[in-house]
Amino acid sequence: MARKPSTKGSSNKMWGGRFSDRPDAVMEAINASISFDKKLYAQDIAGSKAHATMLAEQGILSKRDAKAILKGLDTILSEIEAGTFAFSAALEDIHMNVEAQLSELIGPAAGRLHTARSRNDQVAVDFRLWVKAQAEAMHLELGRLIDVLLDHAEAHAGTVMPGFTHLQTAQPVTFGHHCMAYVEMFARDRSRLADAIVRMDECPLGAAALAGTGFAIDRKATAKALGFREPTRNSLDSVSDRDFALEFLAVASICATHLSRLAEELVIWSTPQFNFVRMSDRFSTGSSIMPQKKNPDAAELIRAKTGRINGSLVALLTVMKGLPLTYSKDMQEDKEAVFDTAENLELAVAAMTGMVASMTINADAMKRAAGSGFSIATDLADWLVRETGLPFREAHHVTGKAVALAEKMGCGLEDLALEDLQKLNGKITRSVFDVLSVEKSVASRKSYGGTAPANVKRQAARWRRLRAKERRQC
Ligand code: ARG
């Protein structure tokens, strides 16, 4: 049987001394956060246990009371995990739900737990612990996405495809190089997460309501017990700072933007018109009316998730922007945005990882497209510069004329007759044809960071080494 924390009496048990009337139903509805902050139960209980242990160590709480409190908190943890805990909106939030149940379980000693503490530092520490764990999980999951991109990069270091600007064929690149571009993006997202984790690794517990406390607490001990590097240095900042959540949302928004760009490319590439990739059935859906359809729904949903994730960042920035120090109840609105973002980003990264790992690459279609649209025009211009000493601007002009001629004849640059090319510039020799192929084009782009297959292999190997090192370290 679910046990219901007692809310007996005419007013709230926690501050009943000052109040004689119960809150209005609407007040309760707008005020209660338990429907969503119950997600913080494990962090709340861990925070309370660290606090109680420290109070006992410091002689502020008797060993006996501390023992009863710790045991009661463990019971509550198992009740919540077993689904037998009755959460109550009348008790507002996770902190008061837990405390009320603790007093049901162990009696008056429960009332000593809140010594030298406030819900303000309590919620700050709970939420930080949650966001930090989530940032660490995201860091790990993005690593897996990088791994599957590296698989493609290695397998397709030499697979030519068109590189685009304005979504118009620009120059040939390799599919491996394209995958490596996303490896760079997601690696930056991970490094942003790692940076944010370093900054949020400070424990606000012990700031109490806002000004610190007169009790001889040991903040270093609670920080250590909860896995933080050190305690925060300013009590006012400790209870009013939500930068850690904002940073998480900002990183999530940038990451969602990267995911969305890749998702958009997969949507385009999986059309019959492009046909560069084939999505696995496991990540596609069919149409209820058109039997031939195979829709890249997962990619579309990943693209769409960016909307709510960006929305969450703007929502919390807006909540925080005009708040005077320190805590205001506005800050209770920090949680849902972050919870929703974490859940959806995690889902998006997992779906992207599965989709990328299971898709098949159509190298023939990529190659065909790579050669179309006069993608090797720059190679012709570069040849004119290198072999005939023409200034690039003039070479550009000559090549433009060659493109116009090929377009008129309905052929590629490589199909033009030598005599026709020589009419455009007398110094052109047969050796020009040596550079007029997509493979030669990509192989020639050996400049650092360029698309040459040798470069792609070197960069992929570099990231593999870094990933292996990372795995050894954890
Ligand atoms: N439920 C609150 C929140 O999430 C906890 C802090 C309440 N503090 C207060 N002074 N009312 O922000």
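Considering the range 114-160 alone, what residues qualify as being assigned to a loop (DSSP other than H, G, I, E, B) and more than 16 Å from the ligand (Cβ to nearest atom)?
Matches in the range 114-160: Thr115, His156, Ala157, Gly158, Thr159.
When the residues of the range 92-113 are narrowed to those that are touching a Lys or Arg at 6+ places or on another chain (Cβ under 8 Å) and within 21 Å of Ile34 (Cα to Cα), which ends up nearest to the ligand (Cβ to nearest atom)?
Among them, the one singled out is Asp93.
Is it the case, given these coordinates, that Met27 is in a helix (DSSP H, G or I), without any contact (Cβ under 8 Å) to a residue 40 or more places away in the chain and within 16 Å of the ligand (Cβ to nearest atom)?
Values: in a helix (DSSP H, G or I): yes; without any contact (Cβ under 8 Å) to a residue 40 or more places away in the chain: yes; within 16 Å of the ligand (Cβ to nearest atom): yes.
In short, yes.
Would you please name the residue that is surrounded by the fewest Cβ atoms within 10 Å (Cβ to Cβ), looking only at residues in the range 69-122 that are within 23 Å of Phe215 (Cβ to Cβ) and of a type in the set (S, T, N, Q)?
Thr115
Restricting to the range 207-239, give me the number of residues that are of a type in the set (A, V, I, L, M) and free of Cβ contacts under 8 Å to residues at least 24 places away in the same chain. It would help to see each step written out before you state the result.
So in the range 207-239, the residues of a type in the set (A, V, I, L, M) come out as 207-211, 216-217, 221, 223, 225-226, 236, 239.
Now drop any that are not free of Cβ contacts under 8 Å to residues at least 24 places away in the same chain, which leaves 223.
Here the count works out to 1.
Considering Thr232, Thr257, which residue is surrounded by 17 or more Cβ atoms within 10 Å (Cβ to Cβ) and in contact with a helix residue (DSSP H, G or I) (Cβ under 9 Å, 6 or more places away or on another chain)?
On the way: Thr257 fails: surrounded by 17 or more Cβ atoms within 10 Å (Cβ to Cβ).
Within the list Thr232, Thr257, the selection yields Thr232.
Scan Asp121, Asp147 and give me the residue that is touching a residue at least 40 places away in the same chain (Cβ under 8 Å) and touching a helix residue (DSSP H, G or I) at 6+ places or on another chain (Cβ under 6 Å).
The match here is Asp121.
Taking the condition more than 38 Å from the chain's Cα centre (by Cα), farther than 27 Å from Thr213 by Cα and at pLDDT below 85, does Gly9 pass?
yes
Right, Leu236: more than 19 Å from Met54 (Cα to Cα) and either within 16 Å of the ligand (Cβ to nearest atom) or in contact with a Ser or Thr (Cβ under 6 Å, 6 or more places away or on another chain) (or both) or not?
Yes; evaluated as a whole, the condition is true for this residue.
Among the residues in the range 173-191, are any touching a residue at least 60 places away in the same chain (Cβ under 8 Å), within 16 Å of the ligand (Cβ to nearest atom) and among the aliphatic types (A, V, I, L, M)?
No: the range 173-191 contains no residue that is touching a residue at least 60 places away in the same chain (Cβ under 8 Å), within 16 Å of the ligand (Cβ to nearest atom) and among the aliphatic types (A, V, I, L, M).
Any residue at all in the range 173-193 that's under 30 Å from Leu380 (Cα atoms) and more than 27 Å from the chain's Cα centre (by Cα)?
Among the residues of the range 173-193, at least one is under 30 Å from Leu380 (Cα atoms) and more than 27 Å from the chain's Cα centre (by Cα), which makes the answer yes.
Taking the options Ala86, Ala157, name whichever one is in contact with a Pro (Cβ under 8 Å, 6 or more places away or on another chain) and within 30 Å of Arg192 (Cβ to Cβ). Spell out how you get there, then give the answer.
Numbers: Ala86 fails: within 30 Å of Arg192 (Cβ to Cβ).
Being in contact with a Pro (Cβ under 8 Å, 6 or more places away or on another chain) and within 30 Å of Arg192 (Cβ to Cβ) holds for just one of Ala86, Ala157, which is Ala157.
Output the number of residues of the range 321-336 satisfying the condition of being part of a loop (DSSP other than H, G, I, E, B), more than 10 Å from the ligand (Cβ to nearest atom) and in contact (Cβ under 8 Å) with a residue 24 or more places away in the chain.
Looking only at that region, the number is 2.
Within the range 356-402, which residues are modelled with pLDDT of 95 or more, within 29 Å of Ser270 (Cα to Cα) and β-branched (Val, Ile, Thr)?
Listed by number, the residues that qualify are Val356, Thr360, Ile361.
Would you check which residues across the range 65-95 are farther than 23 Å from Glu28 by Cα, in contact (Cβ under 8 Å) with a residue 40 or more places away in the chain and among the charged types (D, E, K, R) and list them?
If the condition is that a residue be farther than 23 Å from Glu28 by Cα, in contact (Cβ under 8 Å) with a residue 40 or more places away in the chain and among the charged types (D, E, K, R), then Asp65, Glu79 are the ones that fit.
Given the conditions (1) within 12 Å of the ligand (Cβ to nearest atom); (2) part of a helix (DSSP H, G or I), and given that Ser78 satisfies all but one, which numbered condition is not satisfied?
Looking at each condition in turn, Ser78 falls short on (1).
Can you tell me which residue within the range 192-211, out of those that are more than 16 Å from the ligand (Cβ to nearest atom) and in contact with a Ser or Thr (Cβ under 9 Å, 6 or more places away or on another chain), is farthest from Ala50 (Cα to Cα)?
Glu202
The values are calculated or read from the model by the stated rules, or taken from the named source; none is laboratory data. What you are looking at is a predicted structure, and each value in this text was computed from that prediction instead of being measured. Please note: Cβ atoms are built from the backbone with ideal geometry, for glycine as well, and neighbour counts cover all protein chains shown.
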